[in-house]
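Below: one structure, written as structure tokens.
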Amino acid sequence: MRILSVVGNRPQFVKSAPVSLAFKERGVEEILLHTGQHYDPGLSQVFFEELGLDPPARRLEAGSGTHAEQLARMLPGIEQAAVEERPDWVLVYGDTNSTLAGALAGAKAGFGVAHVEAGLRSFDLTMPEELNRMVVDRLSTLLFAPAEVAVTNLRREGIVGGVRIVGDVMLDANLRLAPIARKRSHE
């Protein structure tokens with residue numbers, strides 16, 4: 001199995017860590033694409049180093065700007081990566097501009113989209129992240145929900161196919177990475 005994982009900011013680096021490590025343990029080929037939404041070394045590179053993640057196979061360097069500007073810089077690079085890499089799935093995390101760009105590019109290029117943290121809602125449509133969540137869930141084929149409340153939210157929106165309760169990836173990250181943090185704090 002080949003997975004194109006799209007990440008671009010601090011929370012996504014943390015969320016992707018336990019998933020990337022589980023992929024590696026199970027022999028799943030992961031192509032990690034960093035959109036560059038967070039690009040400062042202190043907001044980006046340090047997470048790869050501290051979390052023991054392989055460096056991204058692809059970098060887009062989208063940088064800052066308006067939501068539309070960021071998406072416009074991300075979409076062509078993600079689409080190109082998907083077409084060239086031919087993944088079984090495009091995997092996206094959370095609710096950021098990187099999430100939306102990954103889901104949109106993957107779906108438009110004809111690849112299955114898998115969304116980690118599907119179904120989470122604030123019910124505040126003034127938040128850009130809420131709009132991203134709703135659109136990404138509509139585009140996704142596999143929806144990895146952290147809890148039953150997320151499944152209920154999806155059901156209320158008419159999304160029932162491909163929904164799986166998988167637990168909270170941030171809890172997984174904490175459980176998996178806490179021993180590393182404890183060890184390093186005593187060095």
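At a glance:
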{"item": "Qualifying helices (runs of 4 or more DSSP H) (wholly inside segment 55-157; at least 2 residues being over 22 Å from Leu171 (Cα atoms), without any contact (Cβ under 8 Å) to a residue 24 or more places away in the chain and open to solvent by 50 Å² or more (accessible area, probe 1.4 Å))", "result": "67-85, 128-139, 148-156"}
{"item": "Residue check, Ala173 modelled with pLDDT under 95 and open to solvent by less than 60 Å² (accessible area, probe 1.4 Å)", "result": "yes"}
{"item": "Residue in segment 18-36 that is of a type in the set (Asp, Glu), in contact with a Lys or Arg (Cβ under 9 Å, 6 or more places away or on another chain), open to solvent by 60 Å² or more (accessible area, probe 1.4 Å) and in a loop (DSSP other than H, G, I, E, B) present", "result": "no"}
{"item": "Yes/no for Pro179 being under 30 Å from Val46 (Cβ atoms) and within 19 Å of the chain's Cα centre (by Cα)", "result": "no"}
{"item": "Condition met for Asp95 (closer than 16 Å to Gln70 by Cβ and at pLDDT 95 or above)", "result": "yes"}
{"item": "Search result, residues across segment 145-170 that are modelled with pLDDT of 95 or more and in contact with a helix residue (DSSP H, G or I) (Cβ under 8 Å, 6 or more places away or on another chain)", "result": "Ala145, Pro146, Leu154, Glu157, Ile159, Val160, Val163, Ile165"}
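The values are calculated or read from the model by the stated rules, or taken from the named source; none is laboratory data. Note that the coordinates shown come from a computational prediction; the quantities given were computed from them, not determined experimentally. Please note: Cβ atoms are built from the backbone with ideal geometry, for glycine as well, and neighbour counts cover all protein chains shown. Side chains included, ligands, DNA and RNA excluded: accessible areas come from the protein's heavy atoms. Shrake-Rupley method; radii C 1.70, N 1.55, O 1.52, S 1.80 Å.
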